[in-house]
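Here's the structure we're looking at; comments come further down.
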Amino acid sequence: VQLQACGGGLVQAGGSLGLSCVVSGGIFSINMGWYRQAPGKEREVVAIITSRGVASYADSVKGRFTISRDDAEKTVLLQMNSLKPEDTAVYYCNVARTSSYYPLPWGRGTQVTVSS
């Protein structure tokens, strides 16, 4: 199984970015999530989406981020709006922590940098 996240970049505070993650080589119809890790901090969960499409979010991103999935394309998406400097991190996708498959091998992630 490979997880390939992309779509990161440099954006000013208040801007938007859309991330995507393609899952190849394995099953997909399980709960998936986006995670992030800022320098010097532990990796944290950002958003989770169940196999049925029910989403949940960390309090820090609620109302600004939207997670979605395209099962046909085996892709998980993360739309990030109203970005803040504290959203700066490397973003990764993986299965949800509650899944017995957690964690799949982490991909390289995608860097998101928000300037103030």
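Of the residues making up region 2-11, those that are at pLDDT below 95 and open to solvent by 60 Å² or more (accessible area, probe 1.4 Å) are Q2, Q4. S51 falls short on exactly one of the conditions (1) modelled with pLDDT of 95 or more; (2) surrounded by fewer than 22 Cβ atoms within 10 Å (Cβ to Cβ); (3) farther than 13 Å from A5 by Cβ, and that condition is (1). Residues in region 89-108 that are among the small types (G, A, S) and at pLDDT 95 or above: A89 alone.
Quick one: in region 12-22, which of the residues that are under 15 Å from L83 (Cα atoms) and of a type in the set (A, V, I, L, M, F, W, C) is surrounded by the fewest Cβ atoms within 10 Å (Cβ to Cβ)?
Initially, region 12-22 is screened for residues under 15 Å from L83 (Cα atoms), giving 12-19.
So of that shortlist, the ones also of a type in the set (A, V, I, L, M, F, W, C) come out as 13, 17, 19.
On the way: A13: 13, L17: 20, L19: 25.
In this case the residue turns out to be A13.
One residue alone among V54, V1 is closer than 20 Å to W106 by Cα and either touching a helix residue (DSSP H, G or I) at 6+ places or on another chain (Cβ under 6 Å) or not small (G, A, S) (or both), and that residue is V1. Out of the residues in region 75-87 that are within 14 Å of the chain's Cα centre (by Cα) and surrounded by fewer than 20 Cβ atoms within 10 Å (Cβ to Cβ), state the one that is nearest to S29 (Cα to Cα). Checked region 75-87; the qualifying residue nearest to S29 (Cα to Cα) is T75. Among the candidates G40, G25, the residue that is farther than 17 Å from W106 by Cβ and open to solvent by 30 Å² or more (accessible area, probe 1.4 Å) is uniquely G40. Checked against the criteria, G26 counts as more than 19 Å from I67 (Cβ to Cβ) and not in a strand (DSSP E or B).
Yes or no: V61 surrounded by 14 or more Cβ atoms within 10 Å (Cβ to Cβ), under 13 Å from the mean Cα position of the chain (by Cα) and not in a strand (DSSP E or B)? Yes.
Residues of region 90-114 that are open to solvent by less than 30 Å² (accessible area, probe 1.4 Å), under 12 Å from the mean Cα position of the chain (by Cα) and of a type in the set (A, V, I, L, M, F, W, C): C93, V95, A96, V112.
Taking first residues from region 95-116 that are under 30 Å from G14 (Cβ atoms) and partners that are among the polar types (S, T, N, Q), the Cβ contacts under 7 Å between residues at least 6 apart in sequence or on separate chains come to A96/N31; W106/N94; G107/Q2; G107/Q4; V112/T88; T113/T88; V114/T88; S115/Q12. Only a single criterion out of (1) assigned to a loop (DSSP other than H, G, I, E, B); (2) touching an Asp or Glu at 6+ places or on another chain (Cβ under 6 Å) is not satisfied by V114, namely (1).
The values are calculated or read from the model by the stated rules, or taken from the named source; none is laboratory data. Keep in mind that this is a model prediction, so the values were computed, not measured. Note that we place each Cβ from the backbone using ideal geometry, even for glycine, and neighbour counts take in every protein chain shown. SASA here: full protein model, heavy atoms, side chains in, ligands and nucleic acids out. Shrake-Rupley method; radii C 1.70, N 1.55, O 1.52, S 1.80 Å.
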